[in-house]
Structures are given as structure tokens and as C-alpha cells.
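The values are calculated or read from the model by the stated rules, or taken from the named source; none is laboratory data. Predicted, not measured: the structure shown is a model, and the values here were computed from it. Here the Cβ positions follow ideal geometry from the backbone for every residue, glycine too, while neighbour counts run over all protein chains shown.
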Amino acid sequence: MAEAPRVAIVILNYNGRIYLEQFLPKVLEHTSGNFEVIIADNGSTDDSLSFLAEAYPELRHIDLKTNYGFAEGYNQALAQVDAPYFLLLNSDVEVTPGWLSPLVELLERDPAVGAVQPKILAYHEREKFEYAGAAGGWLDNLGYPFCRGRIFSVTETDKGQYDELQEVFWATGAAFLVRSSLYRQLGGFDGDYFAHSEEIDLCWRIKRAGYKIMARPRSVVYHVGGGTLSYNTPRKAFLNFRNSLFTLVKNETGSRLAWILPARLLLDGVAGLLFLSQGKFQHIASIVQAHWSFFGQWQATWRKRRENQDRVAKVSIASKPNLCGRYPKSIVWAFYARNIQYFKDL
């Protein structure tokens, strides 16, 4: 019987010693097959590296020496890793017995699957889906992301309603298994994002090349996360608003972008009014800063758009982009005007 392909499980760490101490033992205990666990340290200022050297000398440690953020941090780390499959795993994720095998099996069985995620449940509310990924990511007509099991801030209780294998539009970066060849050929994450939306951007490129992104709930992990607080700091609000616009310009068709971009900018203004009513004045400043940063990098973003078109064309396995996982309507309208809070009701 042929040996299973090697999987590089790469955990990007930044000042996460407490999470490494808590969750790394379960990664080693509950993972089987042909795999290697690699810790890439993003310039931590805590004692993460000394802890790893003492507690886990047998594991490979990559010291990046500076904080590149999630996106470029993984680019820097994965450039030093050689394996057919990359499993990107957040340091604050608790895995369960046998979690890896169903993900790898799917990619082995279907060469058209570019990436896959497990079911993501909340560590502190274990019966509920977790904000960052839930049971697989979708994208609405205006480019707003949501998930099977999570729309905006509303996370559903897991009652097995999304336990079937399903194709989605994007997979969460919290536990993300991807073909290393695709990751590299499509340019990896966009390091300019720093954090937030980089996995959606990469998955969109994978889908444009005709590949499938899947959610496989047979595999289950629990994520501590902080997604429900994603707008609670001005810095995170800035990254969310700006990077979402970057992703649209780089991936949407020209004819659709011509009307979607003005609509999104208008809706960002509506979000600003909402923040005003909540007294979140720094968040309003974050939206303004996001727009300034976005337009300030317009030429660079358009250049990336052209470069991505070339990359996608070289690896494409279909004549048309794979649009499975795009919701043809507005999730904003469904949620706020029609009071639809659960994915199953869309």
C-alpha cells in the first residue's frame, strides 16, 4: 500500500506561548499519518521560542525574527517548507481525534479540490459554530463573506444541520489544507493584507482557476478565536474594510466591479453612520483610513489584478471560474431587512 502524502502542519505563532502549551499536545496526540508539525514564529516577544526549544526540541521551529502578520508570515514560512500539502493551523485551535485524515483523503480522491477546511466550532461555546469559518465560507453578490453557520455576528448552534460534505467559496485560514503547488503557483497570500481576508482572496483565485473549495464536517476542530470582536478594535476594522476592497478589485470581473465598487463604498458610509450611532468614532476614522489606503494603492492593486490573471490562466483546469458558493443576492439585505439570521433560511 502506497504511503500517504506528506502533510506539513504549519502553526504560525505570535506571542502565543500559552496556546502552544495548551493545544500543541493535542495536535501531536490526535494526528496520524505522514505529517510534520512546524512552528513558525512571527517575531514573538514572549518566551515562545525558549518554551518550544525546551518542551518540543524534536519539532522544527522557523524563526522569522519579525512580525510579518498572518499573510506574509505564512508566505515567509511556507517558502521554507517542502510538502505536497500545507495545513495552516492557528495556534489557538484544539483538534480532535482523526481530524486530519478526512481532509487529506478528500484531496487525494479528487484532484479538482484545491483546498478544504474542517468544521470549526467555538472553543468556549462548544455547541456553537465559530465565527471564523464555521462550516464553510460563502460570498454574496457584493463580495461580503459569511458562513454556513454564521451570518455577520450571529453564530448558530451545531445540530448537525451542516454535516454533509459541501463545496463552498472560501475556507478559513484557522485550519486550511491546501495543495502546496496551487498555493505557490497562485502567489500565496497577499502580504500587503497583513491579516484579514487573505484566505478569501487566495480561495477566490483557486476558484477562478476552476478548482473546488470544500468544507468537510467529518473533521472537527475547536477555535478560541476572536472573530465576534472583529470590529471591536479600530485596527481590525481598518484591515477588514480595506482588504475586502482589495479582494474585490483583484478578483471580480470588470463589468461587475464597475457597479459593485461604488455600491460597497456607499455601504461603507452606511457602516460609518452605524458606528456614529454607537459612539464608535475611532471606527469611523478606520473606514476613512481604509479608503485612503485603498485608493493610495490603486495602481499596485490593479497590477496585482493583472498578475493574478496570468497566474490563474496558467493553472486553470476549466474554461470558466467556479462560482459555487456565491450567494446571488445581498446578505446585508437578507440579514438587516429580511431578518434572516441562519444560513439554512437563505
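Which members of the range 150-207 meet the condition of being over 25 Å from Tyr74 (Cβ atoms) and surrounded by 20 or more Cβ atoms within 10 Å (Cβ to Cβ)?
Ile151, Thr155, Glu156, Asp158, Tyr162
List the number of the failed condition for Lys159; all other conditions in (1) part of a loop (DSSP other than H, G, I, E, B); (2) of a type in the set (Lys, Arg); (3) under 13 Å from Ala115 (Cβ atoms) hold.
Answer for Lys159: the failing condition is (3).
Only one of these conditions is not met by Ile317: (1) within 26 Å of Phe152 (Cα to Cα); (2) in contact (Cβ under 8 Å) with a residue 24 or more places away in the chain; (3) touching a Gly at 6+ places or on another chain (Cβ under 9 Å). Which number is it?
(1)
Can you give me the number of residues within the range 55-103 that are within 27 Å of His124 (Cα to Cα) and among the aliphatic types (A, V, I, L, M)?
Total meeting the criteria: 9.
What pairs can you find where one residue is in the range 33-60 and surrounded by 21 or more Cβ atoms within 10 Å (Cβ to Cβ), the other is among the charged types (D, E, K, R) and assigned to a helix (DSSP H, G or I), and their Cβ atoms are less than 6 Å apart, with a gap of 6+ or different chains?
Sorted first by the residue in the range 33-60, then by its partner, the pairs are Ser48/Arg17.
Could you count how many residues in the range 145-169 are within 16 Å of the chain's Cα centre (by Cα) and aliphatic (A, V, I, L, M)?
Final tally of qualifying residues: 2.
Quick one: which helices (runs of 4 or more DSSP H) lie wholly within the range 246-320 and hold at least 3 residues that are outside the structural domain of Asp190 (by TED's automatic domain parsing) and acidic (Asp, Glu)?
Hits in the range 246-320: none.
Does Lys128 qualify as being surrounded by fewer than 16 Cβ atoms within 10 Å (Cβ to Cβ) and under 28 Å from Ala337 (Cβ atoms)?
No, not satisfied.
Looking at Lys329, is it assigned to a helix (DSSP H, G or I) and either at positive phi or touching a residue at least 60 places away in the same chain (Cβ under 8 Å) (or both)?
no
From the residues in the range 220-240 that are within 20 Å of Val93 (Cα to Cα) and surrounded by fewer than 16 Cβ atoms within 10 Å (Cβ to Cβ), which one is modelled with the lowest pLDDT?
Leu229
For the range 77-130, give me every one of the strands (runs of 3 or more DSSP E) that falls completely inside it and has 3 or more residues that are under 17 Å from Glu164 (Cα atoms) and modelled with pLDDT of 95 or more.
113-122
Among the numbered criteria (1) surrounded by fewer than 12 Cβ atoms within 10 Å (Cβ to Cβ); (2) without any contact (Cβ under 8 Å) to a residue 60 or more places away in the chain; (3) assigned to a helix (DSSP H, G or I), which one does Lys344 miss?
(2)
So that you can scan it fast, the table gives a plain yes or no per residue for (1) over 17 Å from Ala215 (Cα atoms); (2) of a type outside the set (Val, Ile, Thr):
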{"position": "Glu125", "(1), (2)": "yes, yes"}
{"position": "Glu130", "(1), (2)": "no, yes"}
{"position": "Ala134", "(1), (2)": "no, yes"}
{"position": "Trp138", "(1), (2)": "no, yes"}
{"position": "Leu142", "(1), (2)": "yes, yes"}
{"position": "Ile151", "(1), (2)": "no, no"}
{"position": "Leu165", "(1), (2)": "no, yes"}
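Identify all residues within the range 33-45 that are touching a helix residue (DSSP H, G or I) at 6+ places or on another chain (Cβ under 7 Å) and at pLDDT below 95; write none if there are none.
Across the range 33-45, the qualifying residue is only Gly33.
Which of the residues belonging to the range 167-189 are out of contact with any Cys (no Cβ under 6 Å at 6 or more places or on another chain) and more than 18 Å from Ala132 (Cβ to Cβ)?
Answer for the range 167-189, where residues must be out of contact with any Cys (no Cβ under 6 Å at 6 or more places or on another chain) and more than 18 Å from Ala132 (Cβ to Cβ): Arg179, Ser180, Ser181, Leu182, Tyr183, Arg184, Gln185, Leu186, Gly187, Gly188.
When you scan the range 69-113, how many residues do you find that are more than 24 Å from Gln22 (Cα to Cα) and of a type in the set (Ser, Thr, Tyr)?
Looking only at that region, the number is 1.
Of all residues in the range 259-297, which are buried (at least 17 other Cβ atoms within 10 Å of the Cβ), aliphatic (A, V, I, L, M) and within 14 Å of Leu239 (Cα to Cα)?
Within the range 259-297, Ile284, Ile287, Ala290 meet the criteria.
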